[in-house]
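A.B. asks: Just passing along the structure, written as structure tokens.
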Amino acid sequence: MEYHETHEIIHVQNMLGHRNIKNTMIYINLEQALFTEQTDKYYCAIAHNEKEEQELIEAGFEYVKDRDTLAFYRKRK
């Protein structure tokens, strides 16, 4: 479930305490089999300045595009 929410393999490996990524992949493959339908739902945010951009990146948002003086970010729900 943690991988389904975060899509961070290394995070899940550390959370489960696995030394070998192959052990973690067993759970990743299980998650992918259970949740075959990928959702395209995102939280969206706009950064107006560098400080806001930094906060969004630290919160796990990914950059999408710039428009005028705004930077658009998204994070999977």
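A.B. asks: Quick one: helix 21-34 against the long Cα principal axis of the chain, what's the angle to the nearest 10°, folded into 0 to 90?
C.D. replies: 80
A.B. asks: What residues of the stretch 42-77 lie in the reach of a label at F35, counting those whose backbone N is under 11 Å from a point 7 Å from the Cα along Cα→Cβ?
C.D. replies: Under cut-off, by backbone N: 76-77.
A.B. asks: If we count every other residue with Cβ under 14 angstrom of T6's Cβ, Lys/Arg +1 and Asp/Glu -1, where does the sum land?
C.D. replies: On the way: positive: K75, R76, K77; negative: E2, E5, E8, E31, E62.
Combined, the nearby Lys, Arg, Asp and Glu give -2.
A.B. asks: Cα-Cα pairs above 22 Å in the chain: how many percent? Display every interim value, and only then the final one.
C.D. replies: Numbers: 1189 of 2926 pairs.
So the portion of pairs separated by more than 22 Å is 41 percent.
Bear in mind these aren't lab numbers, they're just calculated from the coordinates by the rules spelled out. What you see is a predicted model; the values in this text were computed from it and never measured. A quick note on method: Cβ atoms are made from the backbone with ideal geometry, for glycine too, and the neighbour counts reach across all protein chains shown.
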